[in-house]
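Read the structure below first, then the notes.
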Amino acid sequence: MELKTIQSHIYEIKGRKIMLDFDLAYLYEVQTKVLNQAVKRNIKRFPEDFMFQLTEREWEKLNSKADIKSTNRSQIVTSSQKHRPKATLPYAFTEQGVAMLSGVLHSDRAVNVNIAIMRAFVFIRQYALSHEDLTQKLKALETKYDKQFNDVYDAINFLLQKEDIASKQKSRKQIGFTSK
């Protein structure tokens, strides 16, 4: 299974990387209903930090992003899951929840897909960590140059105010003795 395909099914919700039940079912080549039934039969293996059901708001927000992002997704899966009844909002599985699925689904396909998904999660984590130092350097540069640009903006505003004050002084009615 290609890493890019799996990565296209990983989203971020509540600050956590997750995969949705129908995307996992698609990858495992089982029906979403079958996957969810296996989870419900083993619900003790899936605490809230392993699996949770999306709220309507999260689902709508994710749908709007999925419309833009839908690269390698199956058109059938995307279109059929996009219009799920509100009572059946999708389940989101964290990395730990996906790992736990390997103990619930017993097919060879599930084992192989789980290995590939774990590799994708690790790759994403390593990618984020390797680019953290670059992000910090960019923030430092941004802070440095923001200060310099603020000084320039302050100087320009001072000059504009000075010109404004001088023009107001000239247009004022003069009082006092004037010589002709």
| Which one is surrounded by the most Cβ atoms within 10 Å (Cβ to Cβ), of the residues in the stretch 1-56 that are small (Gly, Ala, Ser) and within 23 Å of SER107 (Cβ to Cβ)? | ALA25
| request: Please tell me if VAL34 is part of a loop (DSSP other than H, G, I, E, B) and either over 15 Å from PHE121 (Cα atoms) or in contact with a Pro (Cβ under 7 Å, 6 or more places away or on another chain) (or both). | output: no
| Is there a residue being surrounded by 14 or more Cβ atoms within 10 Å (Cβ to Cβ), assigned to a loop (DSSP other than H, G, I, E, B), of a type outside the set (Phe, Trp, Tyr) and modelled with pLDDT under 90 anywhere in the stretch 57-72? | yes
| field | Among the candidates GLN81, GLN148, residue that is at pLDDT below 75, touching a strand residue (DSSP E or B) at 6+ places or on another chain (Cβ under 9 Å) and assigned to a helix (DSSP H, G or I) | value | GLN81
| said: Pairs needed: first member in the stretch 157-178, at positive phi and modelled with pLDDT under 75; second member anywhere, surrounded by fewer than 10 Cβ atoms within 10 Å (Cβ to Cβ) and of a type outside the set (A, V, I, L, M, F, W, C); C-beta distance under 6 Å; at least 6 residues apart or different chains. | reply: none
| query | Which condition number does PRO90 fail, the rest of (1) at pLDDT below 70; (2) out of contact with any Ser or Thr (no Cβ under 6 Å at 6 or more places or on another chain); (3) within 30 Å of LYS14 (Cα to Cα) being met? | reply | (1)
| request: Show the residue pairs that are 6+ apart or on different chains and have beta-carbon atoms under 6 Å apart, the first residue being within the stretch 3-19 and in the same structural domain as PHE121 (by TED's automatic domain parsing) and among the small types (Gly, Ala, Ser), the second being surrounded by fewer than 17 Cβ atoms within 10 Å (Cβ to Cβ) and not in a helix (DSSP H, G or I). | output: SER8/THR71; SER8/ASN72
| query | on the phi < 0 side of the Ramachandran plot and either surrounded by 10 or more Cβ atoms within 10 Å (Cβ to Cβ) or not assigned by TED's automatic domain parsing to the domain that holds VAL34 (or both): does that describe ASP108? | reply | no
| request: Return yes or no: is SER102 modelled with pLDDT under 85, under 21 Å from ARG45 (Cβ atoms) and of a type in the set (Gly, Ala, Ser)? | output: yes
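The values are calculated or read from the model by the stated rules, or taken from the named source; none is laboratory data. Everything numeric here is computed off the predicted structure, so don't read it as measured data. Every residue, glycine among them, receives a Cβ derived from its backbone with ideal geometry; neighbour counts consider all protein chains shown.
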